[in-house]
1. Considering region 20-34 alone, what residues qualify as being touching a strand residue (DSSP E or B) at 6+ places or on another chain (Cβ under 8 Å) and outside any helix (DSSP H, G or I)?
2. Could you figure out which of (1) in a helix (DSSP H, G or I); (2) among the basic types (Lys, Arg); (3) within 22 Å of residue 107 (Cα to Cα) isn't true of residue 15?
3. In region 28-72, how many are touching an Asp or Glu at 6+ places or on another chain (Cβ under 8 Å) and hydroxyl-bearing (Ser, Thr, Tyr)?
4. For region 62-112, enumerate the residues that are within 18 Å of residue 50 (Cα to Cα), surrounded by 13 or more Cβ atoms within 10 Å (Cβ to Cβ) and among the β-branched types (Val, Ile, Thr).
5. Residues that are touching a helix residue (DSSP H, G or I) at 6+ places or on another chain (Cβ under 6 Å), within 18 Å of residue 25 (Cα to Cα) and aliphatic (A, V, I, L, M): list the helices (runs of 4 or more DSSP H) wholly contained in region 35-131 that include at least 3 such residues.
Amino acid sequence: MNGQRPPYLRPADDKDPIWQLLQELPPQWRGPIIGPAIDNWEKITENAKARIKLHGLPETIAAELAWMAHWQALDGTRSSVLATNQMANILRRAIREQHPFPPSIRAMDWDQAAALQRWFYATRWGRLPPP
C-alpha cells in the first residue's frame, strides 16, 4: 500500500439496489395499488380491506414502500397499510406544495420524517402557519 486510503465500496454498476428488489417482488406487490390481487390480503394486513396506494410518488419511494410492505408480510408481521398510506399522502402533498423531502425513504432519518409529518399536520387545513 502507498499510504493512501482505499476508495469507498460502491455497487459495480452504480444501479440503485431497490430496482433489483422491486424486480424480485411478485407483480401484485409492485403497485401502484397493493392489495386487491393478493391472496389472503385480509390476513396479511392490519386493516382488512384497506389498500396501499402508491400513485403519484417518486418511483424510488414507491418501490421502497412496496418492498417494505412485502417484507412485513413475509416476516409474518401484518402489513401497515394505514402507516404506509399516511406516509404516501404526506409525500404527495409535499410534492404538490413543493415542500422539500429526501429522494428516498432510505435517505430519510427520524428527524426528517418527523419534521415532514409536523409540516403536514400544521399546514393541511390551513389553520396554522407553516413551521
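1. Restricting attention to region 20-34, the residues satisfying the condition of being touching a strand residue (DSSP E or B) at 6+ places or on another chain (Cβ under 8 Å) are 28, 31-34.
Hits for region 20-34 are 31, 32, 33, 34.
2. (1)
3. First, the residues of region 28-72 that are touching an Asp or Glu at 6+ places or on another chain (Cβ under 8 Å): 48-49, 60.
If we keep only those that are hydroxyl-bearing (Ser, Thr, Tyr) as well, we get 60.
Of the residues in region 28-72, 1 are touching an Asp or Glu at 6+ places or on another chain (Cβ under 8 Å) and hydroxyl-bearing (Ser, Thr, Tyr).
4. 81, 84, 90
5. Numbers: elements: 41-44, 59-75, 81-97, 110-123.
Hits in region 35-131: 59-75.
Taken together, the values in this text are just the output of simple stated rules run on the coordinates, not laboratory data. Since the model is a prediction, treat every value here as computed from it, not as a measurement. Neighbour counts run over all protein chains shown; Cβ positions are idealised from the backbone, glycine included.
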